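K.L.:
Take a look at the following structure, please.
The values are calculated or read from the model by the stated rules, or taken from the named source; none is laboratory data. Note that the coordinates shown come from a computational prediction; the quantities given were computed from them, not determined experimentally. Ideal geometry is used to build each Cβ from the backbone, glycine not excepted, and the neighbour counts take in all protein chains shown. Please note that ligands, DNA and RNA were not included when accessible areas were found on the heavy atoms of the full protein model with its side chains. Shrake-Rupley method; radii C 1.70, N 1.55, O 1.52, S 1.80 Å.
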Amino acid sequence: MIDKVVVRSFGAAETVTGSCHLLEVGSIKLLVDCGMFQGHDEKYNYEDFGFNPRDIDYLIVTHAHIDHIGRIPLLVKKGFRGKIISTAPTRNIARIMLLDAAKVMEEEYRTRYKKALRRGHPEDVPPPLYDEDDVYDAMEHFKITLDYHQPFEITDYLKITFKNAGHILGSAYVQIDVKINGKWKSLIFSGDLGLKERLIIKPLEFSRNGQIIFTESTYGNRKHKTLKETIKEFKQAVIESFERGGNIVIPTFALERSQEILYVLRHMYDRGELPKCKVFLDSPLAISATKIFLQFPEYFNEATRKMVEQGKNPFIFPYVHFTTTVEESKAINAIDSGAVILAGSGMCTGGRIKHHLKHNLWRPECSVIFVGYQAKGTLGRQIVDGAKTVKIYGEEIAVKAKIYTINGFSSHADQPVLLEWLSNFENTELINIVHGEPEIMQVFKDKIDQTLKVKTHIMKKGEPLYIT
């Protein structure tokens, strides 16, 4: 018998990224996610985990975004020999995401190292966290795949169950049932939560059993536009853009957003709303992700599943071209009009999108449609904020294209959905807030205190939380 559970958050505590939560349940140590820190928190990737990776028995992965999986190869490199538990789509997506991360880190390292070498200080540049071989080693530890609602018993006092988070393909929040002092208690770790309306996948699922909850709060201070409004706005932007001539450039994230945009364009095509054009998915990672989506139609919502059953591909129609090679990507820039170009990175910080912006941004007849969040300091944010010129590959480029910003495609739950999800749990003793910027966490905490009347706590990095 055990008398307590100790939980510590070593990532996503008073920040959004680096998700990493350690549970000590008797002699068993569980980790929920092992993500990479991003943006202004990148420096933490090079610090110790805060625990010994060799001590971890199981790693539970909620979904395959890099801020939830990005340090798994490093965890293995540092000695983790336990088993990784995930859904099947998460395992498959994690492979391509981690290989891409390793490749990007290697490329960035080479560039920075050359510059540091010329300055005479090569020692200033830290090496990549891991390489592709480390990713292959890490994938060997994905031993257990679970469907939603399929309980996995670790011991007679500890079991875990995945529930549908509705965030991305295969995403889950995890219910960890622990028998403490002879009584069962449910701990809930949200991972990232989605919405009640989703274009492709099944929507967020609500649960009743949860005494101790760890909830994300990324958008705990705002309400999103409805999906219907967002799609209408996107379609209008596309049609207006074609009326002006030129090309349409859409910076897109490889996972989920690329597939959603293809899905909307497919529906426009089916209804005769899309003028004849060429739609390029110019991202090897997005192409790989799209292929994985098609392997798991059982995770689609009813409307998308019906399309598949009728023999329709939700993402591919006669206008669509997948461009995998650099040569194919370069050839797109010879097209003056009638091209819809989807490419990454989603915030225009690297990748093929920068080349397409360089060739189209200065042309008044072209359009750029932003369909994702643009963080401060990124090229995408400069354009969205109204910059007259931007630098791309050292060249000054005038911003003459028509710029559209469509914010409603978020795959994150907003404040109303987060509150509804939390309010559905019965007998809740404590809500712990993670995955958010400090000021947003506080806004969300205040809202919970006002509406749910449940004890709340903002987790701090490394602090122990004792559950009895």
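K.L.:
Go ahead and estimate [θ] at 222 nm for the chain from helices alone: -39,500 (n - 2.57) per DSSP H run with n ≥ 4, summed, over the residue count, rounded to 500. Walk me through the numbers before you get to the answer.
P.N.:
Numbers: 13 runs with 146 residues, N = 468.
Mean residue ellipticity at 222 nm (helix-derived): -9500 deg cm²/dmol.
K.L.:
Take 71, 271, 95 and sort them by solvent-accessible surface of the protein heavy atoms, 1.4 Å probe, largest at the top. Numbers along the way, then the final one.
P.N.:
Details: 71 5, 271 145, 95 105 Å².
Per-residue accessible area, sorted high to low, gives 271, 95, 71.
K.L.:
Among 121, 96, 318, whose Cα sits farthest toward the positive end of the charge dipole of the chain (+1 at Cβ of Lys/Arg, -1 at Cβ of Asp/Glu, about the Cα centre)?
P.N.:
318
K.L.:
Sticking with this one: What does the charge count near residue 376 come to, summing +1 for each Lys or Arg and -1 for each Asp or Glu among other residues with Cβ under 15 Å from its Cβ?
P.N.:
-4
K.L.:
Now for a different question. Given 5 Å bins starting at zero, what is the percent of C-alpha pairs of the range 356-468 in each, up to the one with the largest pair distance?
P.N.:
Answer for the range 356-468: a P(r) of 2, 9, 16, 15, 11, 9, 8, 9, 8, 7, 4, 1, 0 percent.
K.L.:
Kindly give the semi-axes, whole Å and largest first, of the ellipsoid equivalent to the range 272-407, taking each as the square root of 5 times a Cα gyration tensor eigenvalue. Mind dumping the intermediate values first?
P.N.:
Details: eigenvalues 171, 55, 44 Å².
Equivalent ellipsoid of the range 272-407: 29, 17, 15 Å, largest first.
K.L.:
So if I take the alpha carbon set of the range 1-145, get Rg, then get Rh from the Kirkwood formula, what is the Rg over Rh ratio?
P.N.:
Computed over Cα atoms, the ratio is 1.01.
K.L.:
Another question about this same structure. Applying a 10 Å radius around every beta-carbon, put 122-132, 7-17 in order of their mean neighbour count, most first.
P.N.:
7-17, 122-132
K.L.:
Something else now. Of the options 60, 186, 378, report the single residue whose Cα projects farthest towards the positive end of the charge dipole of the chain (beta-carbon charges: Lys, Arg +1; Asp, Glu -1).
P.N.:
378
K.L.:
Per residue, how much accessible surface does the chain expose to a 1.4 Å probe? Answer in Å², no decimals. Could the numbers behind the result be given before it?
P.N.:
Numbers: 20030 Å² over 468 residues.
That works out to 43 Å² for each residue.
K.L.:
Highest mean first, what order results for 46-52, 82-88, 300-306 on Cβ atoms within 10 Å?
P.N.:
82-88, 300-306, 46-52
K.L.:
Using DSSP H assignments, which helices in the chain have an axial alpha-carbon span of 15 Å or above and a mean Kyte-Doolittle hydropathy of 0.0 or higher?
P.N.:
Qualifying helices, which must be both long enough and hydrophobic enough, are 284-295.
K.L.:
Between their Cα atoms, which of 376/447; 330/402; 29/179 are more than 19 Å away from each other?
P.N.:
In this structure, 376/447; 330/402 exceed 19 Å between Cα atoms.
K.L.:
Give, in whole angstrom and from largest to smallest, the semi-axes √(5λ) of the equivalent ellipsoid of the chain, with λ running over the eigenvalues of the Cα gyration tensor.
P.N.:
Numbers: eigenvalues 288, 136, 87 Å².
Each semi-axis is √(5λ); the values are 38, 26, 21 Å.
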